[in-house]
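The values are calculated or read from the model by the stated rules, or taken from the named source; none is laboratory data. Values in this document were obtained by computation on a predicted structure and should not be read as measured data. All Cβ positions, even for glycine, are placed from backbone atoms using ideal geometry, and neighbour counts span all protein chains on display.
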Ligand SMILES: Cc1cc2nc3c(=O)[nH]c(=O)nc-3n(C[C@H](O)[C@H](O)[C@H](O)COP(=O)(O)OP(=O)(O)OC[C@H]3O[C@@H](n4cnc5c(N)ncnc54)[C@H](O)[C@@H]3O)c2cc1C
């Protein structure tokens, strides 16, 4: 038996989330005595590196012609690969790709899916966050074939240091009714869901003209920037920075909340962060209850000092 | 244009989350229920805009029991023409998807619009499953939808950017922020909703593939360490040496 891991690539290199999925699949394979096999579609290099996380074999479908994204095609290829490897468990990262492909595959194979897993399975039961991070559920998959998508940054990496054998793979790809017309990459900014550190600011900043110091703080930390919902709604910041229950859910190692009150809907999207720092003028702001470190103070005074202190680290 | 919008019932975003029956059931006591925000704000409203521009009908579909009817009426108040409730206990996403796909196939919709995820299970599952079961194209996390005859042009979020795709009808889409601006139902809509058809249809036999074994709440934070605003360097020191995150 084997475990198949879908390892996504972008512009010819494996994504950070591909390694997250490999890490999960590799650890699961080790504890269940199965083989961890990764599947990579499209031209990509550095595939042996997956061996670092317990992957023993990489199926590489180099000329899949799938450099543009069609979940219908990808799920068909993953199904074929799972069949040829005798995989009873299929792992995705719970990212844009995983969210599109895993459900299709689940319906195709009539295989139970737990999306957004935050821990390795206990037998057939998988833990995930529910109610937008306000609770956890233990969900048992009752079908023979199981699909799990892993929430990024949920599991510590275990580096096994092996090397993976890369073999080529191909199968027939169905034609579909979807055509990609255009791909617009959003500059080179760090992707919010992949960032280890996120600097986020809210209505307390008073206006869009005051985001310079937020961007500078993010820059000295190598962080991505985010914002609260009203800030995106009024147009101070782009919509893709909106985090929370109705925006992006993120789980960075470090989250700075600057001039954000900490409404329950905001917390829902960020409470999976490992460490939370809150800077707010109001000592009673609810965010302090969810924080690890707090400063009661004016962002316009504290943030510039913070930037200086980090620079001199 | 025949548009089907799938709506789910979800606890209000401010609801206190607790569990009963030895932590195996969500405690609905005192909880207010709403139309899942992504379904309402984006999928339903964009469906209505398309209908207003091109003619046609917007039907909302919910899989659930009769206690979902007030939430379904809210979608009618916002402007859907009629509603269908497939009478079933929702066991899991695949079960729900099988119900939706079976109904949608038999009725010949041009498009099936869903929200990108529900705010209770956060699965992001149903729409993709419906697409596969209908053997239709699926565009996930869509932020823009335009339809011209039998062709839809859709913008979707992908890793680090946006992709513009073209699909032929019928297709399935999951809607994310950007698709439309939320609408607030007015008095006339609320009155009209009372007399709009809400048809209850029987569920088909379908198996489930997952079972919820239990719930738990996150451990409380051990407390926030306060640092003086005049001593910002101390925060940096703690993040570097204690938390080891910078
Ligand atoms: C259905 C629903 C869904 C929602 N989803 C989301 C969501 O996904 N994400 C989200 O963020 N919100 C969401 N909200 C909105 C949420 O309820 C709050 O209104 C919002 O998060 C508040 O944003 P804020 O903290 O930036 O602004 P405010 O609540 O106005 O808070 C501003 C904060 O800045 C502080 N401040 C002021 N001046 C300074 C200064 N000079 N220095 C430091 N601090 C200062 C104030 O003390 C205050 O705490 C949702 C609401 C609803 C009803």
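Can you tell me which residues in the stretch B:231-246 are more than 7 Å from every other protein chain (Cβ to nearest Cβ), within 14 Å of residue A:307 (Cα to Cα) and not in a helix (DSSP H, G or I)?
Scanning the stretch B:231-246 gives a single hit, B:231.
Select from the stretch A:67-93 the residues that are part of a loop (DSSP other than H, G, I, E, B) and modelled with pLDDT under 95 and list them in ascending order.
A:67, A:68, A:69, A:70
Picking from B:213, B:221, B:225, which residue would you name as being farther than 30 Å from residue B:66 by Cβ, surrounded by fewer than 17 Cβ atoms within 10 Å (Cβ to Cβ) and modelled with pLDDT of 95 or more?
Within the list B:213, B:221, B:225, the selection yields B:225.
Can you tell me which condition residue A:64 does not meet? The list is (1) assigned to a helix (DSSP H, G or I); (2) over 26 Å from residue B:208 (Cβ atoms); (3) away from every other protein chain (no Cβ under 11 Å), and all the others hold.
Against the list (1) assigned to a helix (DSSP H, G or I); (2) over 26 Å from residue B:208 (Cβ atoms); (3) away from every other protein chain (no Cβ under 11 Å), residue A:64 comes up short only on (1).
Of the residues in the stretch B:116-126, how many are in contact with a strand residue (DSSP E or B) (Cβ under 7 Å, 6 or more places away or on another chain) and more than 7 Å from chain A (Cβ to nearest Cβ)?
Residues that pass the stated criteria total 3.
Just to be sure before I move on: is residue B:113 under 19 Å from residue B:180 (Cβ atoms) and away from chain A (no Cβ under 12 Å) in the structure I sent?
yes
Give the residues of the stretch B:163-181 that are under 21 Å from the mean Cα position of the chain (by Cα), facing chain A (nearest Cβ under 10 Å) and under 29 Å from residue A:234 (Cβ atoms), sorted by residue number.
Result: B:174, B:176, B:177, B:178, B:181.
With the condition kept exactly as written, say whether any residue in the stretch B:211-224 is in contact (Cβ under 8 Å) with a residue 24 or more places away in the chain, facing another protein chain (nearest Cβ under 9 Å) and in contact with a helix residue (DSSP H, G or I) (Cβ under 7 Å, 6 or more places away or on another chain).
No; the residues of the stretch B:211-224 include none that is in contact (Cβ under 8 Å) with a residue 24 or more places away in the chain, facing another protein chain (nearest Cβ under 9 Å) and in contact with a helix residue (DSSP H, G or I) (Cβ under 7 Å, 6 or more places away or on another chain).
Considering only residues that are modelled with pLDDT under 95 and buried (at least 18 other Cβ atoms within 10 Å of the Cβ), look in the stretch A:162-176 and name the one that is nearest to the ligand (Cβ to nearest atom).
It comes out as A:173.
Mind checking which residues of the stretch A:128-156 are without any contact (Cβ under 8 Å) to a residue 60 or more places away in the chain and surrounded by fewer than 21 Cβ atoms within 10 Å (Cβ to Cβ)?
A:135, A:136, A:138, A:140, A:142, A:143, A:144, A:156 - these are the residues of the stretch A:128-156 that are without any contact (Cβ under 8 Å) to a residue 60 or more places away in the chain and surrounded by fewer than 21 Cβ atoms within 10 Å (Cβ to Cβ).
Mind checking which strands (runs of 3 or more DSSP E) fall wholly inside the stretch A:102-184 and carry at least 3 residues that are within 7 Å of chain B (Cβ to nearest Cβ) and in contact with a helix residue (DSSP H, G or I) (Cβ under 8 Å, 6 or more places away or on another chain)?
Correct list: A:112-117.
Does any residue of the stretch B:147-159 turn out to be within 8 Å of chain A (Cβ to nearest Cβ) and in contact (Cβ under 8 Å) with a residue 24 or more places away in the chain?
Within the stretch B:147-159, not a single residue is within 8 Å of chain A (Cβ to nearest Cβ) and in contact (Cβ under 8 Å) with a residue 24 or more places away in the chain.
What helices (runs of 4 or more DSSP H) completely inside the stretch A:211-313 contain at least 3 residues that are within 11 Å of the ligand (Cβ to nearest atom) and either more than 30 Å from residue B:37 (Cα to Cα) or more than 8 Å from chain B (Cβ to nearest Cβ) (or both)?
Result: A:229-233, A:264-270, A:299-311.
Quick check: anything in the stretch B:47-70 more than 16 Å from the ligand (Cβ to nearest atom), part of a loop (DSSP other than H, G, I, E, B), touching a helix residue (DSSP H, G or I) at 6+ places or on another chain (Cβ under 8 Å) and away from every other protein chain (no Cβ under 13 Å)?
Yes, there is a match, as at least one residue in the stretch B:47-70 is more than 16 Å from the ligand (Cβ to nearest atom), part of a loop (DSSP other than H, G, I, E, B), touching a helix residue (DSSP H, G or I) at 6+ places or on another chain (Cβ under 8 Å) and away from every other protein chain (no Cβ under 13 Å).
Please state which one of B:102, B:135 is more than 18 Å from the chain's Cα centre (by Cα), within 13 Å of chain A (Cβ to nearest Cβ) and farther than 25 Å from residue A:179 by Cβ.
So the residue among B:102, B:135 that is more than 18 Å from the chain's Cα centre (by Cα), within 13 Å of chain A (Cβ to nearest Cβ) and farther than 25 Å from residue A:179 by Cβ is B:102.
Residues in the stretch B:1-16 that are within 14 Å of chain A (Cβ to nearest Cβ), more than 22 Å from residue B:212 (Cα to Cα) and surrounded by fewer than 21 Cβ atoms within 10 Å (Cβ to Cβ): how many?
Result for the stretch B:1-16: 1.
Applying the selection to the stretch A:80-95, what residues are surrounded by fewer than 23 Cβ atoms within 10 Å (Cβ to Cβ) and facing chain B (nearest Cβ under 10 Å)?
None - no residue of the stretch A:80-95 is surrounded by fewer than 23 Cβ atoms within 10 Å (Cβ to Cβ) and facing chain B (nearest Cβ under 10 Å), so the list stays empty.
Considering only the stretch A:185-209, state which residues are crowded, with 18+ Cβ neighbours inside 10 Å, within 16 Å of the ligand (Cβ to nearest atom) and not in a loop (DSSP other than H, G, I, E, B).
Correct list: A:198, A:199, A:200, A:201, A:204, A:205.
Tell me the residue from B:26, B:19 that is more than 16 Å from the ligand (Cβ to nearest atom) and surrounded by 19 or more Cβ atoms within 10 Å (Cβ to Cβ), please.
On inspection, the qualifying residue turns out to be B:26.
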